[in-house]
Amino acid sequence: MNKGAKQQVIEEPLLEGKNITLEGLTKKHVSQRYADWLNDKEICRENSHGRYLNTLEMTENYVTRVDHSETIAVFAIIDKHTSQHIGNISLGNISWENNSAEIAILIGEKDFWGKGIASEAYSLVIDYGFNKLGLHRLYSGMTTRNKAMIKVAEKSGMSYEGTFKDAFYKDSQYCDLAQYAIINPQHKISGGKSG
């Protein structure tokens, strides 16, 4: 997309990986199980979810809101072998003026943790952000204690940009946030892409 172009609701395409498929998050993905992910302290330990009780109605409202957004693309992560909805990944805070977006992920099904799902999903979303949306910079933040997500960011080709001290507060505790980013390799490194 070009800078200054009138933005429209983002239509998420089907993105095929080796072990997962990413498809636009819609009401068909809403279930009590999905809503319960956001109430699970272990699943939400390193993200902003889980501070307040999440309900099925709140989950439905969220899905409706993001399904009609110009600034977020949310994908359901579907396991190819079971066709199960196992998590979500998004390009959020899309700034069309700056050609940038933030990657966020939640793997809600714990049986799929540690199996490379997050790295595969990151790879698919980075390709989509750069090659379909034409974005210049993608970034992701995580708590510095979240070593698994730091590995995902590094494996995805993201570079460490810095640490924000005491930037995340949860469960009566402050945590530092590490920021990682990747620049579209098709754009010039200095000066960026002209628009």
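Just so it is clear, none of the values below were taken in a lab; they were calculated from the coordinates. What you are looking at is a predicted structure, and each value in this text was computed from that prediction instead of being measured. Counting neighbours? That spans all protein chains shown, and the Cβs are built from the backbone with ideal geometry, glycine included.
What the table below lists for this structure:
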| read-out | value |
| --- | --- |
| Using θ = phi - 60° and Karplus 6.51 cos²θ - 1.76 cosθ + 1.60, couplings along the range 149-157 (whole Hz; Gly, Pro as x) | 6, 4, 4, 4, 4, 5, 5, 7, x |
| 5 angstrom amide H check on residue 38, placed H, neighbours 5+ away | none |
| Which listed pairs, of 115/170; 41/132; 80/165; 28/165, have C-alpha distances above 32 Å, in listed order | 41/132; 80/165; 28/165 |
| Where labels lie 7 Å past Cα in the beta-carbon direction, separation of residue 84 and residue 155 in nm | 1.9 nm |
| The chain - percent relative contact order, Cα under 8 Å, separation 6 or more | 18 percent |
| Cβ-defined net charge surrounding residue 119, 12 Å radius [Lys, Arg +1; Asp, Glu -1] | +2 |
| Taking the C-alpha atoms of the range 15-135, convex hull volume expressed per residue in Å³ | 105 Å³ |
